[in-house]
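Step one of this worksheet: look at the structure below.
The values are calculated or read from the model by the stated rules, or taken from the named source; none is laboratory data. Worth saying up front: this structure is predicted, and the values here are computed from it rather than measured. Don't worry about glycine lacking a Cβ; one is built from the backbone with ideal geometry, like all the others, and counts go over all protein chains shown.
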Amino acid sequence: MKTLFTALLILVSTLETNAQEILERSFFAMKDTVTIFKYETFDLWQLNVRGEGEGFYWDCSNMLFIPVEGKYEITKYKDTIPDFRDNSFLLTAYEGGSNDKVYELYSMNDHALLFRGFGIVNEDGSNIYRPYDKPYSFLRFPWTLGSTFSENHQFRNSTRTYMASGTLVLPGRGTYRAVKIRDSYPDGNSMVNEYSWYIDSIPYPVIRVTDRFQKVDSSSFNTVSEFFLTKATTTDIKDSYVHNTEVAPKLMGNVLTLQSGFSLIGAYSIDGSQLRISQVNDAEYAIESSLPSHICIIMRKEQGDIHRHILPVQK
């Protein structure tokens, strides 16, 4: 049976980074129900798909999304296995004209996010479930940024890498903490690099971008992107950024000046990469990277509000 694994789109929050950033089980929340709608896009430049490291700013707010047929639902599942009883969920697909429901079973513990099996509920209500002999690990916990592990499995023989972390902005759906994972695996006569973005709202990818290569000469001949915009039925998702021109920072040459009472979280070029910055005094910062045409500034007010501004660079 063909598995459902696709990619979803979710969201991220702040930009705080560590020298040795580690992905923990506690990064993810488990909502009761999340409904996911499928989209595609060809507008990928904001994602810096192959970038590695921490402090990225993936801004999808102006990307063009094309709705395609497909709706998915993630629901908590009361597992009969005690260790998984409170941390399992079903991903159910509603596609096409069939009344059959195809689903996948996932569980999450302190060590991994596990894909345990798949099944189908037929129109007559009969349920056929096929568990794997051993679960497939999509994520490891704790997992250090830049680290890799290999998974030899009947679902897929792959090498998974924790590539990047940062902030993800989705159009009309807010801003979230996010991590990016690369999954490399053979598929027939091709090699695939699959890039997946996870946010802290649910333990399932919200974006997937797939590069497919020929095994002979490694030339890329196909890139596919899929986005899944989520609607949580238990929690409203709101943009945590405040847009206020009265507190906009000023950029003179390579010197950035903030309004009184603000501290800088980060500055980014339009391709999503973080700019190198050194603090000159309490309100001034020197940008040491080459200046792009526009800079996205993220700063925090003393009371905790986060402000985002796009500044053109005068050259």
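May I ask you to list the residues in segment 76-120 that are closer than 18 Å to residue 36 by Cβ, without any contact (Cβ under 8 Å) to a residue 60 or more places away in the chain and hydrophobic (A, V, I, L, M, F, W, C)?
Across segment 76-120, the qualifying residues are 90, 105.
Hand me the list of strands (runs of 3 or more DSSP E) wholly inside segment 46-159 holding 1 or more residues that are charged (D, E, K, R).
Here the list reads 53-59, 66-77, 101-108, 112-121, 127-140, 148-151.
Could you check segment 97-128 and list, in sequence order, the residues that are farther than 21 Å from residue 155 by Cβ and crowded, with 18+ Cβ neighbours inside 10 Å?
Across segment 97-128, there are no qualifying residues.
Return a yes/no flag: does segment 52-62 have any residue that is of a type in the set (D, E, K, R) and modelled with pLDDT under 85.
The answer is no, given that none of the residues of segment 52-62 is of a type in the set (D, E, K, R) and modelled with pLDDT under 85.
Just to be sure, is residue 14 modelled with pLDDT under 80, among the polar types (S, T, N, Q), under 23 Å from residue 295 (Cβ atoms) and part of a loop (DSSP other than H, G, I, E, B)?
Here the answer is yes, as residue 14 does meet what is asked.
Does any residue of segment 203-210 turn out to be closer than 17 Å to residue 145 by Cβ and modelled with pLDDT under 90?
Scanning segment 203-210, I find no residue that is closer than 17 Å to residue 145 by Cβ and modelled with pLDDT under 90, so the answer is no.
Please find, within segment 22-49, the residue that is nearest to residue 90 (Cα to Cα) out of those that are polar (S, T, N, Q) and surrounded by 14 or more Cβ atoms within 10 Å (Cβ to Cβ).
35
Among 83, 110, 124, which is touching a helix residue (DSSP H, G or I) at 6+ places or on another chain (Cβ under 6 Å), at pLDDT below 90 and farther than 27 Å from residue 227 by Cβ?
Result of the check over 83, 110, 124: 110.
Looking at (1) at pLDDT below 90; (2) under 21 Å from residue 22 (Cα atoms), can you tell me which one residue 151 breaks?
Condition not satisfied by residue 151: (1).
Select from segment 50-76 the residues that are closer than 24 Å to residue 143 by Cβ and aromatic (Phe, Trp, Tyr) and write down the one among them that is surrounded by the fewest Cβ atoms within 10 Å (Cβ to Cβ).
58
Every residue in segment 142-197 that is without any contact (Cβ under 8 Å) to a residue 60 or more places away in the chain and β-branched (Val, Ile, Thr), please.
Selection gives 148, 159, 161, 181, 192.
Those residues that are assigned to a strand (DSSP E or B) and either more than 15 Å from the chain's Cα centre (by Cα) or closer than 18 Å to residue 170 by Cα (or both), I need them from segment 23-45; list them, please.
33, 34, 35, 36, 37, 38, 39, 40
If you scan segment 267-282, which residues turn out to be touching a strand residue (DSSP E or B) at 6+ places or on another chain (Cβ under 6 Å) and at pLDDT 80 or above?
267, 275, 277, 278, 279, 280
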